[in-house]
Amino acid sequence: MAKQEITCDDILRELKAGQYRPIYYLMGEEPYYIDLISDYITDNVLNETEKEFNLTVVYGADVDVATIINAAKRYPMMSEHQVVVVKEAQNIRNIEELSYYLQKPLLSTILVICHKHGVLDKRKKLAAEIEKSGILFESRKVKESQLPAFITSYMKRKGIDLEPKATSMLADFVGTDLSRLTGELEKLIITLPKGQTRVTPEQIERNIGISKDYNNFELRSAIVEKDVLKANRIIKYFEENPKTNPIQMTLSLLFGFFSNLMLAYYAPEKSEQGIAAFLGLKSPWQSREYLNAMRMYNGIKTMQIIGEIRYTDAKSKGVGNPSLNDSDLLRELVFKILH
């Protein structure tokens, strides 16, 4: 049976219970979770007085493995633990040499290695040594389809609900940059009127600057409903506000939707729950739009639409496109989708 991968929540749960490991090797393409764990350790393991003598933060470009090992081998002063945080660890050469220290790590030291935008080769000795005594955590990029669930769960922890449309507006506008997304969510929390615990599309429009009527989410809905007039009104708005509505973001969203729609045709059960389970959507309400689209577009048309989106993407990057601007390209694409 395959070993279950440890999650960020698992690690934070352990830390909050005061269960510490000698090493946390945090790696991967998503910086948000790496920062979340390392910041929690930095902020909470030691009190302010203990930090003066027992917190060491170094950067990979400025240190070698020997320096890290020497720091880790120090005993804490007037404290149960010392914390050594290595940021930008992807810049360290010969990181494999750390395995010598991990054969007998100092249990009073909490060594936190932050290796962003890459991963350690799990077949190497170092990975095995880390897993023996500590945590080897891979922070993976969140998929677009997982964003609504991430937003809902983040806000629920803060005691706040979002209307489904507000969630989709945020997911579509901000995308998969979790640090930026959580920044926008915190901004929303601050601007909520006292005593209010539900975020509406109007609040997103007012505080984040996304139009509740003219955005990628509404364009997608217009295409699903085959509402030609609404789709063209949104494209005109995009044309007048190109900086907040770049064509690449729109094409990415449409491509993701129609690719998922193609998959939805293969779902064993064509119901809200069946499609949500098949596509890995966290909420059945997210699958309603796919069910509506299946009534409007058959499998062959969906395949043609995916091809047209790819073709438009190439043209938006200058391939075989001598004259059309982004708005014209989007107008042409939406016409081909709807007809």
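A few remarks follow.
- Dipole axis of the chain (+1 Lys, Arg; -1 Asp, Glu on Cβ), positive-most option in LEU251, ALA171, SER221: SER221
- One entry in [x] 24.3, 74; [y] 19.3, 61; [z] 59.3, 205 is Rg and Dmax of the Cα atoms in Å calculated from the shown coordinates; its label is [x].
- Distance in nm between pseudo-label sites at THR7 and ASP213 (7 Å out along the Cβ direction from Cα): 4.0 nm
- Degrees, to the nearest 10: 299-316 long Cα axis against longest axis of the chain: 70 degrees
- Net charge, ASP64 excluded, C-beta distance under 12 Å - Lys, Arg +1, Asp, Glu -1: -1
- What the phi angles of the stretch 86-100 give under the Karplus curve with 6.51, -1.76 and 1.60, with θ = phi - 60°, is a coupling list of 10, 8, 6, 5, 5, 8, 8, 7, 6, 4, 4, 5, 5, 4, 5 Hz, glycine and proline written as x.
- Pairs spanning more than 27 Å between alpha-carbon atoms, out of LYS212/LYS243; LYS143/LYS301; LYS141/LYS301; LYS87/LYS141: LYS141/LYS301.
- Judged by the mean number of other Cβ atoms found within 10 Å, the most tightly packed of the peptides 292-302, 100-110 leads the ranking 100-110, 292-302.
- Square roots of 5 times each gyration tensor eigenvalue, C-alpha, the stretch 246-336, largest first, Å: 29, 12, 10
- For the stretch 246-336, relative contact order (Cα pairs under 8 Å, six or more residues apart, normalised by length) works out to 30 percent.
- Net charge of neighbours whose Cβ lies under 15 Å from the Cβ of SER211, counting Lys and Arg as +1 and Asp and Glu as -1: +1
- Inter-probe distance in nm under a simple model that places probes 7 Å from Cα toward Cβ, at ALA128 and ASP328: 6.2 nm
- Taking 0.36 nm per residue of separation and subtracting the Cα-Cα distance, full extension of the segment from ALA61 to ASN292 would add 77.9 nm.
- Each Lys and Arg contributes +1 and each Asp and Glu -1, all at the Cβ; summed about the Cα centre of the stretch 246-336, the dipole is approximately 100 debye.
- Where the chain is the region considered: accessible area per residue in Å², 1.4 Å probe: 52 Å²
- For the cross-link pairs LYS73/LYS124; LYS122/LYS165; LYS156/LYS315; LYS122/LYS317; LYS270/LYS336; LYS165/LYS270, the ones whose C-alpha atoms lie over 30 Å apart are LYS122/LYS165; LYS156/LYS315; LYS122/LYS317.
- Carbon + sulfur, % of accessible area of the chain - ligands and nucleic acids excluded, 1.4 Å: 52 percent
The values are calculated or read from the model by the stated rules, or taken from the named source; none is laboratory data. The model shown is predicted, which means the values in this text are computed figures rather than measured ones. All Cβ positions, even for glycine, are placed from backbone atoms using ideal geometry, and neighbour counts span all protein chains on display. Please note that ligands, DNA and RNA were not included when accessible areas were found on the heavy atoms of the full protein model with its side chains. Shrake-Rupley method; radii C 1.70, N 1.55, O 1.52, S 1.80 Å.
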